[in-house]
Amino acid sequence: MSEITIVEIAKRCGVGVSTVSRAINNHSDINPETKKRIMAVIKETGYIPNNSARNLKRTDAKCIAVLVKGITNPFFSPMIEVVEQEVDKRGYALVLRHVEAYENEVDVALELEKEKRLRGIIFMGGSAKHPADKMKQIGVPIVFATIGSDISEDFNRNSYSTVSVDDEKESFKMVSHLIEMGHKKIAIMAEGSDTPSVVQLRLKGYLKALKAAGIKVNNNLIRYVDQRIYTMANGYDTAKALIESGEKFTALYCISDVLAIGALRAFADAGLKVPEDVSVAGFDGQELSQYCIPRLTTIRQPLVDISKETIRLIFDIIDKESGHRHIIFPGELIEGESTRKI
């Protein structure tokens, strides 16, 4: 059943992609019963894990590695599904590696390259800056998907590829939209890391939009999630702290839909109506954003296009049909029910 993917296995088991990946790779940090259920579904469906490529001989292995930082975020699930299907069409195996929050993805890539005969590496999520000396050690084509900034100041941009939206520009678009709706006291939920990332670009877009509109920045309205992890629980806790601070605001912009959905529940629990009492906007355009109540106003990233272009690009480079490129896709502002004019 070649149409079965790791995402489908996760859906059938009622778990996340990262849990299926850990079960396949025999990680210790998984409930034995959960692992047993996952392996039973894999056996039942006849699914052959692409990352079982570790069992292939190094001399004939054709593997593409995908390193995902933040795999608990459902944002990456449709991307992984597309990539897995496209890699399989090419007769390659997929090595899916979950990168923990505390791990450096380039270090993980170098370790993985030693273990397996990789033909290319795709990075999803994580930092937007890496040391040139480490990047130069990677001996296969590299594509950063969803990360579109200058990855390294000292590493030639012709040595790697990026496929993404312009996070700063799209963030500016969303905040400008809120300002056009009459909002001046706009809070933002971001990540407090000093490491350059798409989050910093989105925060930069927020600040740029306020400045362009002549609105003074209130640092008390810039809120950072704990643990630098995008989960609904973190969105809930951060929004709850903002509410309890007593700081006045009419809109909350979250740099991820997952955080925004957590915030919706925090407002509901506090007796605040969205959008009557406060407007809420997100970023990413995840499927779940259109099924929550109210439907979320968000910036939709063209994930299928980004995923397919990433695969096309990495194989073009492997086959020496093109050099490295930097591709920017436009985002789309989806106006839902969670924002209103004031």
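Bear in mind that the values in this text are calculations on the coordinates, not laboratory data. Nothing here was measured: the structure is a model prediction, and the numbers come from that model. Cβ atoms come from the backbone with ideal geometry, glycine included; neighbour counts cover every protein chain shown.
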Inset, instruction - Report, in whole Å, the centroid distance computed from the Cα atoms of the range 100-116 and the range 138-182. - result: 22
Legend entry - At q = 0.17, 0.20 Å⁻¹, base-10 log of I(q)/I(0) for the range 228-334 (Debye sum, equal scatterers on each alpha carbon): -0.78, -0.96
Inset, instruction - Grab the other residues whose beta carbon is less than 12 angstrom from that of E309, score K and R as +1, D and E as -1, and report the net. - result: 0
Legend entry - Members of K169/K341; K69/K169; K89/K320; K36/K62; K69/K216 lying beyond 25 Å, as alpha-carbon distances in this model show: K36/K62; K69/K216
Inset, instruction - Under 1.5 on a/c is rounded, so check that first for the range 97-147, then, if it is not, pick prolate when a/b is larger than b/c and oblate when it is not; a ≥ b ≥ c are the square roots of the alpha carbon gyration tensor eigenvalues. - result: rounded
Inset, instruction - With a cut-off of at most 13 other beta carbons within 10 Å, and DSSP calling the residue loop, which chymotrypsin sites (Phe, Trp or Tyr not before Pro) in the range 225-324 qualify? Please list them. - result: Y291
Legend entry - At most 16 other Cβ within 10 Å, DSSP loop - GluC sites (Glu not before Pro), the range 89-136: E100, E103
Inset, instruction - List the chymotrypsin sites (Phe, Trp or Tyr not before Pro) within the range 64-106 that fall in a DSSP loop (any state other than H, G, I, E or B) and whose Cβ has at most 15 other Cβ atoms within 10 Å. - result: Y102
Legend entry - Placed amide H near H326: partners under 5 Å, 5+ positions off or other chain: T162
Inset, instruction - Using θ = phi - 60° and the Karplus relation 6.51 cos²θ - 1.76 cosθ + 1.60, list the HN-Hα couplings for the range 276-284 in order, rounded to whole Hz, with x at every Gly or Pro. - result: 4, 9, 8, 8, 10, 10, x, 8, 2
Legend entry - Residue-wise HN-Hα coupling along the range 266-275, computed from phi with Karplus coefficients 6.51, -1.76, 1.60 (Hz; x: Gly, Pro): 5, 5, 4, 5, 8, x, 9, 9, 10, x
Legend entry - GNM top mover of L288, L313, L203 - the chain, alpha-carbon springs below 10 Å: L288
Inset, instruction - Just the number, please: Stokes-Einstein D of the range 279-342 in µm²/s, Kirkwood Rh from C-alpha pairs, 20 °C, 1.002 mPa s. - result: 157
